[in-house]
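**Student:** The following block contains the structure, expressed as structure tokens.
What follows is calculated from the coordinates using simple rules that are stated; it is not laboratory data. Bear in mind the structure is a predicted one, so any value in this text is a computation, not a measurement. FYI the Cβ positions are ideal-geometry reconstructions off the backbone, even for glycines, and counts take in every protein chain you see.
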């Protein structure tokens with residue numbers, strides 16, 4: 001694992017602007033909020049040759065808490081190389097205010113050599129050989145199915161949905177995507193990936209504190225490395241980034257719940273699709289909502305258009321019983337509201353193009369390993385999961401955000417399984433809010 005901090009260099013046109021560190025920026029803006037002098041007068045008092053003294057002087061005067069000041073540091077960029085897909089998923093779950101990107105499964109190495117060691121993940125020593133063997137077999141299954149599906153699509157191009165007049169390079173790319181998007185359910189959640197995030201010092205401190213409280217070696221190491229990197233840019237504010245009792249207690253309770261549910265529901269059989277949607281349109285009696293839903297939606301040119309009050313005030317919770325981790329990794333990145341999953345294997349999804357009969361031994365061996373880790377109460381059970389593991393997933397947000405997600409995840413280039421899940425949720429939403437039906441654009445996941 002490697003953590004790198006990235007500094008934003010101002011363009012030449014901005015060379016005349018004061019160059020301040022993130023903490024100096026935060027302290028100056030904090031002082032600005034308790035002054036009527038204007039920002040220029042405050043900056044005139046700052047000694048840019050000795051910024052630390054200026055920061056301490058301002059912070060001694062401004063008695064704001066670290067959180068309110070930490071949020072003023074601007075975007076601090078951190079890149080994390082060679083972390084597991086589980087850790088990437090967890091960081092996106094925790095860092096709800098971050099902007100970020102993760103390496104696509106289409107561009108990372110799919111081989112057992114691209115796994116952290118069992119020791120790095122906290123796999124019990126006596127189970128390490130067994131874990132390594134299962135992971136190797138999972139990669140072998142992935143590569144075999146990828147090769148088979150790619151060859152089948154090459155021999156029968158009608159298997160792949162192609163745009164009209166697609167050029168040869170596009171045909172090749174979509175054929176390979178067709179194979180990968182179906183074989184990917186065998187990919188281990190422990191596979192190494194990369195991610196980069198940008199957020200303020202305040203949110204980084206909360207993220208690192210949370211990671212440090214999870215009780216998993218990989219998370220603790222990531223917390224340490226991120227903290228060390230951010231201490232170079234925001235040393236005072238990162239002192240609030242260590243493990244803390246409330247975070248630790250909640251992590252322990254959530255682990256206990258996951259272990260209990262996981263042992264009760266562990267299965268290698270696919271789960272039938274179920275969707276749950278609840279819409280809450282109640283508003284205070286002294287602030288009635290008079291805007292029709294149609295008026296909130298019909299003026300948009302596309303999903304990025306601004307929606308009206310009627311949908312912005314409407315609360316929506318939606319959930320699936322069987323979201324595969326392959327889909328969870330992306331749907332988890334929709335940042336608004338609250339997202340929850342116990343991250344268990346209540347079933348295992350394979351697309352219709354792959355026969356589970358040829359992989360029965362692998363799936364049974366993988367499930368037995370997961371059961372053993374869960375029985376031992378090991379948080380490292382997450383590293384025995386494959387991307388086909390189906391887990392319950394719930395997201396609560398507002399209707400404007402839900403509509404955006406539904407249009408995005410059924411639109412051009414969307415993965416076929418995203419489209420199935422979001423189409424089902426959208427049908428239930430429009431049953432409860434029928435006046436939205438004519439104004440929400442459900443796509444067909446056509447190729448891009």
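**Student:** If one takes the longest principal axis of the Cα atoms in the chain, at what angle in degrees, from 0 to 90 and to the nearest 10, does the Cα axis of helix 399-410 lie?
**Tutor:** 50 degrees
**Student:** Angle between the Cα long axis of helix 128-155 and the longest principal axis of the chain, 0 to 90 degrees, nearest 10?
**Tutor:** Orientation of helix 128-155: about 70 degrees from the principal axis.
**Student:** What ranking do 259-266, 383-390 get when scored by the average of other Cβ atoms within 10 Å per residue, highest first?
**Tutor:** So the order, starting with the most tightly packed, is 383-390, 259-266.
**Student:** Which order do 437, 209 fall in if you start with the one that has the fewest other Cβ atoms within 10 Å?
**Tutor:** 437, 209
**Student:** Mean-square fluctuation check for the chain, GNM, Cα pairs under 10 Å: which of 258, 267, 104 is largest?
**Tutor:** The residue that fluctuates most here is 104.
**Student:** Taking 1 over the mean of 1/r across every pair of different Cα atoms in segment 86-232, what Kirkwood radius in Å do you get?
**Tutor:** 17.8 Å
**Student:** With n ≥ 4 as the cut-off for DSSP H runs, can you work out [θ] at 222 nm for the chain, using -39500 (n - 2.57) per run divided by the number of residues, rounded to the nearest 500? List each step's numbers first, then the result.
**Tutor:** Values: 17 runs with 199 residues, N = 448.
Theoretical 222 nm ellipticity from helices: -13500 deg cm²/dmol.
**Student:** Report, in degrees rounded to the nearest 10, the 0 to 90 angle that the Cα long axis of helix 245-265 makes with the longest principal axis of the chain.
**Tutor:** 10 degrees
**Student:** Comparing 133, 222, 380, which has the greatest mean-square fluctuation in the GNM of the chain with Cα pairs linked when under 10 Å apart?
**Tutor:** 133
**Student:** Going by average Cβ neighbours within 10 Å, how do the peptides 145-153, 357-365, 198-206 rank, with the highest at the top?
**Tutor:** The densest-packed peptide leads the list: 198-206, 145-153, 357-365.
**Student:** Next up: May I ask you to compute the full-extension gain from residue 93 to residue 281, defined as 0.36 nm times their residue separation minus their alpha-carbon distance, rounded to one decimal in nm?
**Tutor:** 65.0 nm is the gain from fully extending residue 93 to residue 281.
**Student:** For segment 292-448, which semi-axes, largest first and in whole Å, follow from the square roots of 5 times the eigenvalues of its Cα gyration tensor?
**Tutor:** 35, 17, 11
**Student:** Once you put a point 7 Å from the Cα of residue 357 and another 7 Å from the Cα of residue 231, both along the Cβ direction, what distance in nm separates them?
**Tutor:** With each label placed 7 Å out from Cα toward Cβ, I get 6.0 nm.
**Student:** Right, next: Most exposed first by the Cβ proxy, i.e. fewest other Cβ within 10 Å, how do 212, 282, 181 rank? Before the final figure, lay out each step's value.
**Tutor:** Values: 212 22, 282 9, 181 19.
Fewest to most other Cβ atoms nearby, the residues stand as 282, 181, 212.
**Student:** Given q = 0.14, 0.17, 0.20 Å⁻¹, what are the Debye log10 I(q)/I(0) values for segment 215-364, with equal point scatterers placed on the Cα positions and solvent ignored?
**Tutor:** The Debye formula, applied to the Cα set alone, gives -1.05, -1.12, -1.24.
**Student:** Does segment 101-145 classify as rounded, prolate or oblate by the C-alpha gyration tensor (a ≥ b ≥ c root eigenvalues; a/c under 1.5 gives rounded; else a/b over b/c gives prolate, otherwise oblate)?
**Tutor:** Because a/c hits 1.5 or more and a/b fails to exceed b/c, segment 101-145 counts as oblate.
**Student:** Turning to a different aspect of this structure: If you line up the Cα atoms of segment 172-249 on their principal axes, what length do they span on each, largest first, in Å?
**Tutor:** 52, 28, 16
**Student:** Compute the Rg to Rh ratio over segment 389-448 from the alpha carbon atoms, using the Kirkwood formula for Rh, and round to two decimal places.
**Tutor:** Ratio value, two decimals: 0.97.
**Student:** Moving on to the next point. Cut-off 10 angstrom, C-alpha nodes, Gaussian network model of the chain. Which of 137, 164, 45 fluctuates the most?
**Tutor:** For the chain, modelled as a Gaussian network with Cα springs under 10 Å, the answer is 164.
**Student:** What is the fewest-to-most order of 162, 297, 87 by other Cβ atoms lying within 10 Å of their Cβ?
**Tutor:** Listed from fewest to most nearby Cβ atoms, that is 162, 297, 87.
**Student:** Here's something else I'd like to know. If I take the Cα coordinates of the chain and project them onto the principal axes, what are the three extents in Å, biggest first?
**Tutor:** If we take the Cα atoms of the chain, the spans are 73, 61, 49 Å.
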